[in-house]
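Student: Before I ask anything, here is the structure I am working with.
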Amino acid sequence: MPQTPIECLDYLLHRFVLLREEAKVQLVRLPRIGLPQCAELVRGLLDTPSGGVLPAALVRAVVETVAGTFSLPWQVLSQGINVADRASGAGGDVTVVENGAPLLTIEVTERPLDAARVQATFSDKIAPGVPSDYVFMVHLDRVEEDARQQAAKYFTHGYDVNVVGIRDWVVNTLVTVGSKGRGIFQERMLAILSDDRAATVRERFPPGGLAAP
């Protein structure tokens, strides 16, 4: 049986995903979740192959957490995983809109990032002038050097194109929002994972959940 708070939360998420299609499960929010537990949860989620579902869920939950914690007038838009951007009309996986104008566009990926993908994204989404800031949220160890160089070239020409490590960004943001924000983060993650699309990652969870051995 789970013993620590992080093991309890991991077990809760694991059981929820397994039972999602079989029954309506009432999720119980932990009274408190500390930074070490948050860091372990983030590590476990990002280390679980999910076809992009879990990283995108994390990013969306964190952006919504920031908006909720600081009462920001943001509209946070997200699109389905593996939905073509052109078909959906979205600028990225998560888009922050303020007063009807795009404020931040985030593309979340588990795949390696190279210069060709940066160039294609620039041509399709950034050059037309829609996003104000465009961020590739990635695993930094999967970023090719030519991708960094290409993003830097666009920046020197006046385009805010950046490559950011998802793990550190999530954890550092959860530091910034404080205990109130971490409570909101719990609620947002559990709500997002209750979506039917989260069931597609069910078989990828390890038998004991996401907790570190």
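Listed here are the residues, each with its yes/no results for (1) in a loop (DSSP other than H, G, I, E, B); (2) modelled with pLDDT under 95; (3) not β-branched (Val, Ile, Thr).
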{"site": "55", "(1), (2), (3)": "no, yes, yes"}
{"site": "62", "(1), (2), (3)": "no, no, no"}
{"site": "77", "(1), (2), (3)": "no, yes, yes"}
{"site": "81", "(1), (2), (3)": "yes, yes, no"}
{"site": "87", "(1), (2), (3)": "no, yes, yes"}
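Student: Given 98, 21, 7, which one is farther than 17 Å from residue 168 by Cα, surrounded by fewer than 18 Cβ atoms within 10 Å (Cβ to Cβ) and at pLDDT below 80?
Tutor: So the residue among 98, 21, 7 that is farther than 17 Å from residue 168 by Cα, surrounded by fewer than 18 Cβ atoms within 10 Å (Cβ to Cβ) and at pLDDT below 80 is 21.
Student: Related question: Which residue, of 122, 155, is over 18 Å from residue 64 (Cα atoms), surrounded by 15 or more Cβ atoms within 10 Å (Cβ to Cβ) and among the aromatic types (Phe, Trp, Tyr)?
Tutor: That would be 122, the only listed residue that is over 18 Å from residue 64 (Cα atoms), surrounded by 15 or more Cβ atoms within 10 Å (Cβ to Cβ) and among the aromatic types (Phe, Trp, Tyr).
Student: Restricting region 133-142 to residues that are buried (at least 20 other Cβ atoms within 10 Å of the Cβ) and free of Cβ contacts under 8 Å to residues at least 60 places away in the same chain, which is farthest from residue 53 (Cα to Cα)?
Tutor: Step by step, filter region 133-142, then rank; the result is 134.
Student: So which residues in region 162-209 are modelled with pLDDT under 95, under 25 Å from residue 79 (Cβ atoms) and in a loop (DSSP other than H, G, I, E, B), if there are any at all?
Tutor: Residues satisfying the conditions are 194, 195, 205.
Student: Could you tell me how many of the residues in region 135-161 are modelled with pLDDT of 95 or more, part of a strand (DSSP E or B) and of a type outside the set (A, V, I, L, M)?
Tutor: So the answer is 1.
The values are calculated or read from the model by the stated rules, or taken from the named source; none is laboratory data. Quantities reported herein were computed from a predicted structural model and do not represent experimental measurements. Counting neighbours? That spans all protein chains shown, and the Cβs are built from the backbone with ideal geometry, glycine included.
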